[in-house]
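What follows is a short report on a single structure.
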Amino acid sequence: MVVSGLPRSGTSMAMRMLAAGGLPLVTDGERAADGSNPHGYFELEQVKTLDKRGPTEWLARARGRGVKIISFLLTYLPEDYDYQVIFMHRHLDEVLASQNAMLDARGEARGAEDARTRTLYAAHLQQVARFMAMRACFSVCEVHYHDVVADPAHEAARINAFLGGHLDEARMVEAVDAALYRNRVPAP
């Protein structure tokens with residue numbers, strides 16, 4: 001089971017929901033919680049070697065457990081396994097605002113200007129969607145960050161149904177921290 005999406009799209013929130021619901025996770029605790037993700041990042045360092053053709057035997061040990069893999073690394077997954085993917089979406093302006101706030105808090109330089117990054121991210125998301133749609137090893141549940149915060153019970157039920165219906169939905173709902181929705185796009 002994979003949780004994916006762009007950085008700052010709600011992947012850590014989704015991982016927290018799954019853990020609360022009773023799904024075992026594959027994480028290593030290397031990246032500590034901070035002001036940008038006070039509940040933790042739920043990452044596994046080995047994932048970051050996928051694009052370097054690093055060892056993938058950890059995938060066999062991850063069967064039946066949740067692992068977070070950002071969208072940029074999905075195309076490097078070997079097709080020897082089947083992947084249930086919870087793919088997190090978030091308004092790109094919110095993703096950029098959240099990334100900028102995180103970089104500012106760390107005192108790190110921002111990347112390309114927001115307009116260029118937004119264009120690159122939009123193209124990337126289309127490419128990843130096409131990639132997964134063309135491979136039988138991927139089944140995908142599209143989840144929108146805003147929808148989780150607005151109606152966590154509905155989204156927890158959708159995620160649980162996608163994963164087979166064995167998770168504790170009430171606990172998943174409790175794991176959603178709406179106070180962390182700090183970078184909102186103003187309503188039209």
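Please treat every number below as a calculation from the coordinates, not as lab data. Bear in mind that the values here come from a model prediction, so they are computed numbers and not experimental data. Glycine also receives a Cβ, built like all others from the backbone with ideal geometry; neighbour counts cover every protein chain displayed.
Two decimals is fine: what's Rg over Rh for segment 51-127, C-alpha atoms, Kirkwood radius as Rh? Taking Rh as the inverse mean 1/r over Cα pairs, Rg/Rh reads 1.03. Label positions at A33 and A115, each projected 7 Å from the Cα along the C-beta direction, are separated by 4.0 nm. Kindly provide log₁₀ I(q)/I(0) values, in the same order as q = 0.12, 0.15 Å⁻¹, from the Debye equation applied to equal alpha-carbon scatterers of the chain. With one equal scatterer per Cα and no solvent, log10 I(q)/I(0) is -0.57, -0.92.
Kindly provide the Kirkwood hydrodynamic radius of segment 85-188 in Å, to one decimal, from all pairs of distinct alpha carbon atoms.
Mean inverse Cα-Cα distance, inverted, gives 15.8 Å.
Ordering H146, N100, L120 by the projection of their Cα atoms onto the charge dipole of the chain, which places +1 on the Cβ of Lys and Arg and -1 on the Cβ of Asp and Glu, puts L120 at the extreme positive end. Put a dot 7 Å past the Cα of D151, heading toward its Cβ, do the same for R65, and the two dots end up 3.4 nm apart. Among the GluC sites (Glu not before Pro) in segment 113-188, those placed in a DSSP loop whose Cβ has at most 11 other Cβ atoms within 10 Å are E113.
Restricting to Cα atoms and excluding each atom paired with itself, what does the Kirkwood estimate give for segment 99-144 in Å? Roughly 13.0 Å, rounded to one decimal.
Annotation for segment 1-72 versus segment 119-160: alpha-carbon center distance of 16 Å.
Above 13 Å, the calculated P(r) of segment 28-86 contains 64 percent of its Cα-Cα pairs.
Taking every alpha-carbon pair under 8 Å whose residues sit at least 6 apart, segment 2-178 reaches a relative contact order of 32 percent. Go ahead and set up a Gaussian network model of the chain, Cα springs under 10 Å, then flag whichever of A170, A122, A109 fluctuates most. It is A109.
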